[in-house]
1. Work out the FRET efficiency for Ala163 and Thr51 from their Cβ-Cβ distance, taking R0 = 30 Å, and round it to the nearest 0.05.
2. Of the heavy-atom accessible surface of region 330-378 (probe 1.4 angstrom), what whole percent is carbon and sulfur?
3. In whole percent, how big is the carbon plus sulfur part of the accessible area of region 206-285, probe 1.4 Å, protein atoms only?
4. Rank by packing, highest mean first: peptides 32-41, 231-240, with packing defined as the count of other Cβ atoms within 10 Å averaged across residues.
Amino acid sequence: MSVASLSDGGLAPVTAPPRARRVASLLPSLTDILVEAGAESCLVAISHECTVLPPSPRAGGVAGAPPPRVVTAPSFDAASVRNAAEISAVDAAVRAAAGATPTATAVDLLRLRLCSFYHVDVAALVAAAPDVVLTHIAPAGTPGADLFGDDAAAADPVAILVAALSSLLPPGRPPVRIVSVAAESVADAITAAVTVTSAAGVPTSGAALLTAFPLRLARCVRDVPRMSASRPTVAVVQWADPLYCAGGWVPEAVAAAGGTDGVCVPGGPSVATTWAGLAAAGVDVVVMAACAMPLAANVRLGRAALTGGGAAPDATTAAAAAAAAADLARRGVAVYAVDATTAFSRLSPGCIVTTVGVLGGVLRDVAAGMEGSGAGPGWARLTPPRLVGTGGWGAPRGWGVAAPTAASWSTERVLVGASR
């Protein structure tokens, strides 16, 4: 995590402020942390993808104040994506924007680099008058780093953006702190919750949130049946074209729900693969969870992939994808779509619990075979259940869903990781 301040004319560590601060949160995960901690009244600005629920009567920290300003813009309409060809076009546009190099004015820097994922409405952000900006800033050396100066590799992007934001503030305004948070694991999420609530001046609320987290997780997984020592192998698809499987904390969520990630490792990077690669990996379950996509969009993407219609327009690629989809069907691989609007996409304690719950529902449905419902809160089955070789309907290869254990993933392990 990177934390910078102008309080001493340069960089200084951010310590827990003595009072609640006015906060601009540019990432849904960080907004979720404050909302889950009951501190949404601190928020004066949020991203377009932030969902502040329940609405606070004290938004902005003042009774009767207006709700937080939206200070970012969407790069695409997730609900309108119908197939992998369209999502590939989104990917190309995002990559092009990441490499954009406009004239490096303060406004340009803040618009393009204050948040790694969205463009920022700088005027709206300044008007919101935050004390603290919560975000994720791409490190030096990534595309577009030349905006940070001639010696981009040695530059501190956070410090440069702090200076740029300060230059736009009215005279006499106190310094604005920028907190850049990067989290790739459940332990990181706990550290992020501590950092975010401390920077917002509500560390006590953060402590209460983390105290409740293990109990919520335990309730979430208590209904996972202990049916077999053998766990189903799962691939969670976070982007359709190019096809990526979700790394970071998602493999931990898979383990908590009773499965084993067949492609990615906990805390590791997302992995680029193909539908043929998933078939070769021998996965039992494929979960279509394209980042930030609602359930309906992921259903469309999953069905397109199963029919070979999700491939790029190149005929050779389309034929290969269709063959891979047919191979998955022959093997009886279970394919599901999920709502990844918040679950699977956001790293807050509440979203982790929701993700584990959705995955648990999916794996219970696979194990139930013909007795399964085929749909549940936040998920839907796209393929029929498979006939097991023993003569009954149920999960392939005779596996069942095993409950998580302390050796694989547990609340005790999470709490140990938080103390590092």
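The values are calculated or read from the model by the stated rules, or taken from the named source; none is laboratory data. Every value quoted in this text rests on a predicted model; they were computed, and no experiment measured them. A quick note on method: Cβ atoms are made from the backbone with ideal geometry, for glycine too, and the neighbour counts reach across all protein chains shown. Just so you know, the surface numbers come from the protein's heavy atoms only, side chains and all, with ligands and any DNA or RNA stripped out. Shrake-Rupley method; radii C 1.70, N 1.55, O 1.52, S 1.80 Å.
1. Working: r = 32 Å, r/R0 = 1.06.
Approximately 0.40, to the nearest 0.05.
2. Percent of accessible area from carbon and sulfur atoms in region 330-378: 54.
3. On the way: 1790 of 3060 Å².
Roughly 59 percent of what the probe reaches on region 206-285 is carbon or sulfur.
4. Details: 32-41: 24.0, 231-240: 25.8.
Descending packing order for the listed peptides: 231-240, 32-41.
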